[in-house]
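Heads up, the thing below is written out as structure tokens.
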Amino acid sequence: MRGSWRVGRIAGIEVGIHYTWLLALFIFTWLLGQGFSTTYPGWYTYFYWIAGFLATFTLFICVLIHELAHSLVARSRGLAVSSITLFILGGVSNLAEEPANPGVEFVMAIVGPLTSLVLGFIFWIIWYVITRTWVLPVFSVHIPAGKQTLGLAIAGFLAYTNIALAIFNLLPGFPLDGGRVFRSIIWRATGNLYKATNIASIIGRVFGWGFILAGVVLAIFTRFGFLNGLWFIFVGWFLNSAADNSSLEVTLKEHLSGVLVAQIMEKDIETVRPDTTIDYLVQTIFVQKRKRAVPVVENETLVGVITISDIKTLPPEKWPVTPVLQVMHREPIHAVKPEDDLNMAMKLMAQYDLNQIPVLTQGKLVGMLTRADVINYLQLSQELHIKGRNKTNPPGSAGKP
Ligand SMILES: [Zn+2]
């Protein structure tokens, strides 16, 4: 996630904090302090701040444990987990890849809410012990109001919130955990991940709009519901955009899988030689041919790629005397083959943040694939209703009219 800092590693998984998390820490501390002051009147003022802070901080630890449960199960099933990020609405586990079958997705998704349920239950037991006995001096800090204690307030809040989180996360709309559980069930039943994701995303959007509507009703029609209402609207908006993103991603994959690089790559490409001057490259290739990246070829072999950003730091007066060789990217050159699938090519471009990728056959450059080509293909396939996955005809066969 952009705008986050690494704070450490747990069991080999990197943990990061998004800047909105700090905002949440402050807002929740304040809101909870306010809440505690109505539920437990008579404390010293600073006690409400301490209680608010401790409750919020422990809640975030619980969210982290929930995410760790997802990540550790994912890793035990052979999926690479890159990191966990905490942000204003909780946590996300960043998986480097999606689960390969519905069984893995089911277990991975359900373990999160189960963890929250267990945590809620543990805090409920702590709360219960505090209400019945005074044997836990740590939690039984006496305060002027008598029986009510700091520990009681915090344990009660954490019991309630963890159970509420488990229930919220079990709602069957994608991308919530419940939506993933639901998707894995449809995926198992239909054998089609795309269809399953679409259905789960639609339900995710229904919940998203439901939250927004509930938020509006709360904000307008209840007496003290304004902040709660705003919160509901925010959560609803987040659910909607996350559902949109995941269905977009899947639609993209669906359109691109089965389409070969050879079908859309540019075959008639400009190349330069290692001894070509930067001046010539800029005037002829970048300005006149409107290219942003050019392969560098020597004796029909690709030796590098040169892009506009490579020459940005070179002062223009040096252009006539500098050969391409001096500024081009050399190793590693990421390339695809004509028979590769577009999904694979896009994945590679995303992974290394490339705008274009050379296409090679046995080391010989046969074409270039750019992001613009892929976007152009996507627009065309939408307009003409071409679906990538249905293109199972071998290249060269006529197909059905
Ligand atoms: Zn979860």
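Read-outs throughout are calculated quantities, based only on the coordinates presented, and are distinct from any laboratory measurement. Bear in mind the structure is a predicted one, so any value in this text is a computation, not a measurement. Note that each Cβ is placed from the backbone with ideal geometry, even for glycine, and that neighbours are counted across all protein chains shown.
Okay, here's what the table says:
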{"quantity": "Calculated over the stretch 261-389: convex hull of Cα atoms, volume per residue (Å³)", "calculated": "109"}
{"quantity": "Candidates S247, S82, S93: whichever shows maximal mean-square fluctuation once the chain is modelled as a Gaussian network with Cα springs under 10 Å", "calculated": "S82"}
{"quantity": "Descending Cα extents along the principal axes, the stretch 25-92, whole Å", "calculated": "53, 16, 14"}
{"quantity": "Enclosed volume per residue, in Å³, of the convex hull spanned by Cα atoms of the chain", "calculated": "210"}
{"quantity": "Long pairs among K195/K253; K312/K337; K312/K364, criterion Cα-Cα beyond 22 Å", "calculated": "K312/K337; K312/K364"}
{"quantity": "The chain - charge dipole about Cα centre, Lys and Arg +1 at Cβ, Asp and Glu -1, debye rounded to 20", "calculated": "840"}
{"quantity": "Computed lengthening from W30 to I375, 0.36 nm per intervening residue step minus Cα-Cα distance", "calculated": "119.5 nm"}
{"quantity": "Added length on full extension, which subtracts the Cα-Cα distance from 0.36 nm per residue, W49 to A11", "calculated": "10.4 nm"}
{"quantity": "Computed [θ] at 222 nm, deg cm²/dmol, the chain (DSSP H ≥ 4; -39,500 (n - 2.57); rounded to nearest 500)", "calculated": "-18000 deg cm²/dmol"}
{"quantity": "Sequence-separation-based contact order of the stretch 164-295, relative, with Cα cut under 8 Å and 6+ spacing, percent", "calculated": "18"}
{"quantity": "The stretch 266-315 - Rg (one decimal) and Dmax (whole number), Cα, Å", "calculated": "10.5, 32"}
{"quantity": "DSSP loop chymotrypsin sites (Phe, Trp or Tyr not before Pro) with at most 14 other Cβ within 10 Å: longest gap in the chain", "calculated": "225-351"}
{"quantity": "Net charge over other residues, Cβ less than 14 angstrom from the Cβ of N376 (K, R count +1; D, E count -1)", "calculated": "-2"}
{"quantity": "More than 16 Å apart - percent of Cα-Cα pairs taken over the stretch 222-299", "calculated": "72"}
{"quantity": "Most mobile of H66, H334, H385 in a GNM of the chain (Cα contacts under 10 Å)", "calculated": "H385"}
{"quantity": "Whole-Å distance, taken between Cα centres, linking the stretch 40-67 and the stretch 225-295", "calculated": "43"}
{"quantity": "Among N169, N245, N355, residue whose mean-square fluctuation peaks in a GNM of the chain (springs only between Cα atoms under 10 Å)", "calculated": "N355"}
{"quantity": "Length added when fully stretched, E249-A100, from 0.36 nm per residue minus Cα-Cα", "calculated": "52.0 nm"}
{"quantity": "For the stretch 181-275, convex hull volume per residue from C-alpha positions, Å³", "calculated": "180"}
{"quantity": "Distance-filtered residues of the stretch 247-283 - backbone nitrogen under 20 Å, label point 7 angstrom along Q326 Cα→Cβ", "calculated": "272-283"}
{"quantity": "Residue exposure sequence - I122, I17 - by fewest surrounding Cβ within 10 Å", "calculated": "I122, I17"}
